[in-house]
Ligand SMILES: [Zn+2]
């Protein structure tokens with residue numbers, strides 16, 4: 001937060017201060033951005049570096065992003081090494097000490113959740129992009145709730161005058177989310193135990209929450225492109241287990257999944273896995289609403 005550069009008079013002063021007083025938040029992906037907008041309301045401006053229709057593991061660290069980070073009061077990351085390929089470069093290039101890890105201006109949201117798949121055996125040298133556990137935790141609404149609480153606490157720390165506003169916004173967010181969760185639980189109940197295949201290990205938290213059985217991925221390992229031998233094994237596995245759905249994160253190439261679909265008879269469904277992943281998916285709850293609609297529209301599986 002920066003003080004206004006000029007002293008003006010009357011209402012001009014008030015509006016100038018209001019504009020200047022907003023906390024500038026930069027997030028790596030659109031999911032924390034949506035949560036921050038929900039909790040921060042009109043006291044924050046929020047920019048997301050990675051868009052929801054892009055693979056969040058990879059981003060070209062453009063100089064313009066460093067300029068945004070130079071002006072930022074707070075940077076929010078998903079953590080668990082999701083952004084390891086670009087965020088450290090951007091933060092160190094931003095010339096803004098306040099947003100370095102360990103400072104109040106840096107918030108790694110993974111601290112608020114319990115990661116899965118922390119095997120300790122992953123090897124980034126082999127191309128594995130989940131070396132610290134699965135970072136796709138925003139795909140469980142309970143984790144979204146925890147992220148929102150963590151964001152509210154940090155916004156309050158950075159902007160104590162907004163305490164009541166953040167608390168009120170957080171309460172409204174949680175109430176609305178709780179109501180929607182009941183509806184989503186009901187709609188996903190018929191799919192309990194359904195076997196699915198995905199492209200990447202993006203779905204672990206969603207599958208745990210809604211009791212889907214993810215039997216395999218098109219990728220041999222997270223971040224490793226499909227190989228003929230793995231694809232053949234996956235086809236055999238899907239045939240043996242009668243898998244009828246491939247839930248394909250919508251920024252991956254669909255050629256191999258389509259081939260697998262042809263060989264097995266499984267339906268390939270393109271599904272967003274982040275806010276901003278499809279038009280109209282603007283708020284955090286919109287993401288679950290849309291994913292569940294895709295599952296519903298896949299038919300009776
Ligand atoms: Zn991943």
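Quick note: the coordinates plus some simple rules give every number you see, no bench work behind them. Source: prediction; values computed, not measured. Cβ atoms come from the backbone with ideal geometry, glycine included; neighbour counts cover every protein chain shown.
Things worth noting here:
- Summary value for the range 182-297: 22 percent relative contact order, contacts being C-alpha pairs under 8 angstrom separated by 6+ residues.
- Mean separation of Cα contacts under 8 Å (6+ apart) over length of the range 154-245, as relative contact order %: 22
- Computed over the chain: relative contact order in percent, which uses C-alpha pairs under 8 Å that are six or more apart: 16
- When 242, 200, 294, 136 are sorted by how many other C-beta atoms sit within 10 angstrom of their C-beta, beginning with the fewest, the order is 242, 294, 200, 136.
- When the square roots of the Cα gyration tensor eigenvalues are ordered a ≥ b ≥ c, the ratio a/c for the range 10-180 is 1.5 or more and a/b does not exceed b/c, which makes its shape oblate.
- Burial order of peptide ranges 69-81, 168-180, 50-62, 145-157 (average beta-carbon count within 10 Å, highest first): 69-81, 145-157, 50-62, 168-180
- The chain - Kirkwood radius from inverse mean 1/r over Cα pairs (Å): 20.5
- Each residue in 203, 184 was given a count of other beta-carbon atoms within 10 angstrom of its own, and listing them fewest first yields 184, 203.
- Volume of the Cα convex hull of the range 182-297, divided per residue and given in Å³: 99
- Helix-only arithmetic for the chain: the sum of -39500 (n - 2.57) across DSSP H runs with n ≥ 4, divided by the residue total, places the mean residue ellipticity at 222 nm at -13500 deg cm²/dmol.
- Both radii were evaluated on the Cα set of the range 215-279; the Rg over Rh quotient, with Rh as the Kirkwood radius, amounts to 0.97.
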